[in-house]
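Input: a single structure, listed below in C-alpha cells.
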Amino acid sequence: MSSRKLTWREYFVVASLLFGLFFGAGNLIFPLHLGQLAGGHWEPAALGFLVTGVLLPLLSVMAIAVTRAEGVFDVGRPLGVGFALTFMVLIHATIGPLFGTPRTATVSFTVGVAPFVPAQYQQVALFVFSLVFFGLAFAFSYHENNILANVGKVLNPMFLALLFLMFLVAFLMPMGNPLSAPATAAYTHGALTNGFLEGYNTMDALAGLAFGVTVVTAVRQMGQRRSRDVSKVVAKAGVLAMSGVGLIYLLLIVAGAMSLGHFKLSADGGVAFTQIVHYYGGAFGQAALAVLITVTCLTTAVGLVAAFAQDFHKHFPKVSYHMWLFLTTLASFVVANFGLEQIIAWSTPMLMFLYPLSMVLILLSVCSNFFQRDGRVYFFVVLFTVVPALGDMVVAFPKVVSASAFGQTIAAWRAALPLANMGLSWVVPALVGLVIGLAWHYAKPMRQLAVEPARLDPKE
C-alpha cells in the first residue's frame, strides 16, 4: 500500500486544479472592495482576509482528504444522516442557486455589460443577459459538453495575463498612496476582524467542502494510496496554488486602496473593478477583459449547476439529474435579476451562519484522528457554535429584519456573548463545546480502564 513519489509536474497539475477550484472572476470583486473599505489600514485587513479566503479553503480540502470523505455529506456524517443531509443542502444552496451561481452572471454583467448600457435600461439588459447566460450554462451542463471547459483552459490564462498587466500599469502609475487612503469607520479600529469576515464572501471554504473530493480523487489516481500521503500532496500543492491566489488577493486589495486617490468608495467591488479597468485601459481594455470575465464566469456557472444537480440526484434519486439541473438553473436566473448589490446584501447573513459551522467542522475533520472522529466531540462543538451563529445571522440581515422587534431581541441577547461586537460571538462557545466534548471522549476510556483490572487474566 505504499505510494509512489510524484514529479514536480504532477504537483503542478494538482496545484492548477486547486487554483481553478478556488479562483474565479467573482473573487476579484471582494478583495478590491476590501481595499477601498480599509484604505490605509489595508495590511491588517488583508491578513484577516487571507485567513478565511486562502488558509481556510485549503484546510477544507485537507478535511476531505483526512476523513476520506466523498463529498460535503460525509463531512457532517459524524452528527447523523439528518444533520449531514441538511448541511449538504445548505452548502449547495448557498454556493449554488441562492447566491454563488447567480453571482457568476451578475459579476459578468456588472463588469462587462453595465458600463455600456444607459441607466434606464439596466434592469432589462440584466434580464436578457442572465437569460442567455443561464441558457448557455444549462445547455453545456445538459449535454455534459467539455467545449466550454476546453475554451476556458485557453481563455483563463489570457484573463490572468490581462489582470497582471492591469496590476503592472496600476503600480507603475498609481492613482494614490494606499497607506494614506481614508478608511471607513469599521476598518479604522477593526480592520483585522472585518477583513476576516469579508473573506466569507468568497465562499471558497464552502466550495472546498463541496468540490474538494475532485482534488482528492485526482491525487489518489496519481498513485497516492495512503490518506497520509494524499494529505501531504494536497498540502504541498495547496501551498503552491494558494500562494498564487493569495498574491492576487493582496494586489487587488492594494489596488482598491490606491483607487481612492481618484474614485469614491463604490457600492460593490464590481463597480470598482469597472472603474479601475476603464481608467487604465479605456473602452477597448474594458471590453476585452469583459469578454474574458464572462467566459470565466460561465465556465464556473456550468461547474456549479452540474455539481448541484449531480449531488442532489445522488441523494434524492427520484428527481432526475436533468430536472435538478433545470431547477437550479431557473432559480439562479431568477435570483440574478435582483442584482449584484442585493445578492451580496442577502448572502452575508447566510454566510455569517454557515461559515462558523463550516469552520468548526473543517477543523474537527482535520484533527479528527486525535479523537477517533468521536461524534460526541462534534456534537458539543457544533451545538455551542450553531446557536450564536444564528444570532450573528439575524443581526447581519438587512434592516427589514435586523431592525424589527424580533431582530432587536436577538441582538440584545447576542450582545452579552464575548466577541459579539466583532461578529465572532460563536468563538468562545465553540471552545467551551470542544472542552466538554473532549472531556466526555477521554472520560470513557478512563471508565473502562477502571473496571479492566477485574477482568484481567490472573496468569498475567
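Quick note: the coordinates plus some simple rules give every number you see, no bench work behind them. These figures come from a predicted structure and were not determined experimentally. Please note: Cβ atoms are built from the backbone with ideal geometry, for glycine as well, and neighbour counts cover all protein chains shown.
Using only helices, what value at 222 nm comes out for the chain when you add -39,500 (n - 2.57) per DSSP H run of length 4 or more and divide by the total residues, to the nearest 500 deg cm²/dmol? Don't jump to the answer; show the numbers that get you there.
Working: 20 runs with 334 residues, N = 460.
So the calculated ellipticity at 222 nm is -24500 deg cm²/dmol.
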Given labels modelled 7 Å from the Cα in the Cβ direction, how far is it in nm from LEU136 to GLU341?
2.7 nm
Given bins 10 angstrom wide, list per bin the percent of all Cα-Cα distances in the chain, short to long.
4, 19, 30, 27, 14, 4, 2, 1, 0, 0
Normalise the Cα radius of gyration of the range 276-347 by 2.2 N^0.38 Å (N = residues in it) and let me know the number.
1.48
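FRET efficiency for VAL432 and GLN408, Cβ-Cβ distance as r, R0 = 30 Å, nearest 0.05?
Numbers: r = 26 Å, r/R0 = 0.87.
The value I calculate is 0.70.
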If you take every residue apart from LEU363 with its C-beta less than 15 Å away from the C-beta of LEU363, what net charge results, scoring Lys and Arg +1 and Asp and Glu -1?
0
Cα pair distances in the range 175-246, grouped into 10 Å bins until the bin that holds the longest one, percent each
15, 32, 25, 17, 10, 1
Inter-label distance, nm, simple model (7 Å from Cα along the C-beta direction), VAL387/SER16:
5.0 nm
Enumerate the helices in the chain for which the Kyte-Doolittle hydropathy averages -1.0 or more and the C-alpha atoms extend at least 27 Å along the helix's axis, using complete DSSP H runs.
122-142, 147-172, 227-259, 269-315, 340-366, 375-396, 427-451
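Considering Cα pairs under 8 angstrom that are at least six residues apart, work out the relative contact order of the range 341-448 and quote it in whole percent. Can you show the working numbers first?
Details: 120 pairs, mean separation 37.0, N = 108.
The value is 34 percent.
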Quick check: net charge around GLN408, other residues with Cβ under 13 Å of its Cβ, Lys/Arg +1 and Asp/Glu -1?
+2
The range 323-357 scanned against label point 7 Å out from LYS399 along Cα→C-beta; backbone N under 17 Å for 342, 345-346
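Can you divide the C-alpha Rg of the range 104-253 by 2.2 N^0.38 Å and report the result to two decimal places? Could you put the intermediate results ahead of the total?
On the way: Rg = 20.2 Å, N = 150, 2.2 N^0.38 = 14.8 Å.
Relative to the rule-of-thumb radius for its length, the range 104-253 sits at 1.36.
Under 12 Å from the Cβ of GLU70, count the other residues' Cβ atoms, weight Lys and Arg +1, Asp and Glu -1, and hand me the total. Display every interim value, and only then the final one.
Working: positive: ARG68, ARG77, ARG220, LYS314; negative: ASP74, ASP311.
Summing Lys/Arg as +1 and Asp/Glu as -1 gives +2.
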Let me check against my output: what whole-number percent is the relative contact order of the chain, with C-alpha pairs under 8 Å and at least 6 apart?
30 percent
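Taking N as the number of residues in the range 341-448, what value does Rg over Cα atoms divided by 2.2 N^0.38 Å take?
Details: Rg = 16.1 Å, N = 108, 2.2 N^0.38 = 13.0 Å.
For the range 341-448, the normalised Cα radius of gyration is 1.24.
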So how far apart, in nm, are the two label points at ALA439 and VAL319 if each is 7 Å from Cα heading toward Cβ?
4.3 nm
